[in-house]
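Step one of this worksheet: look at the structure below.
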Amino acid sequence: LKIKNIAKVNKTGKFSNKSIMFTGGFEKMSRSEAKALAEENGAKILGTVTKKLDYLVIGNSKPTKKKIQTAKELNINLLTEEKWYDLLDR
């Protein structure tokens, strides 16, 4: 049995103390890469649209309409794929 050191969660960054969820596919990166970048910038990744969500990032390829509608009803900030790249300076 080998135990590895746990990676320290970044508490600082552009998305410090913010929760983010992704829907749809992205043109410049995979969703896994997008999630990793968000976590590196202090975000917590959520899997469901709830009132605890701060940002829903909407990819250009086949985003889930129900997630977008629920986020709108809960007044959650919606970020387009382009705005996501702008925030990350990519």
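The values are calculated or read from the model by the stated rules, or taken from the named source; none is laboratory data. All of these numbers come straight from a predicted model, not from anything done at the bench. Note: ideal-geometry Cβ built from the backbone for every residue, glycine included; neighbour counts use all protein chains shown. When the accessible area is computed, the model is the full protein with side chains, heavy atoms only, and any ligands, DNA or RNA have been set aside. Shrake-Rupley method; radii C 1.70, N 1.55, O 1.52, S 1.80 Å.
A few notes on this one:
- When shorter helices are ignored and each DSSP H run of at least 4 residues is given -39500 (n - 2.57), the per-residue value for the chain at 222 nm works out to -8000 deg cm²/dmol.
- Surface analysis of the chain yields an accessible area of 71 Å² per residue, using protein heavy atoms and a 1.4 Å probe.
- Amide H partners (placed H, <5 Å) of Val57, local residues excluded: Met21, Phe22, Thr23, Leu79
- Cα→Cβ-extended label distance, 7 Å offset, between Lys72 and Ser32, nm: 3.3
- Protein accessible area in the range 34-85, 1.4 Å probe - carbon and sulfur %: 49
- Convex hull per residue volume in Å³, alpha carbons only, for the range 14-90: 75
- Sparsely packed trypsin sites (Lys or Arg not before Pro) within the range 40-88, loop by DSSP, other Cβ within 10 Å at most 12: Lys51, Lys52
- Label sites at Lys83 and Leu46, each approximated as a point 7 angstrom past Cα along Cα to Cβ, lie 1.6 nm apart.
- DSSP beta bridge pairing in the chain, given as percent antiparallel to the nearest 5: 10
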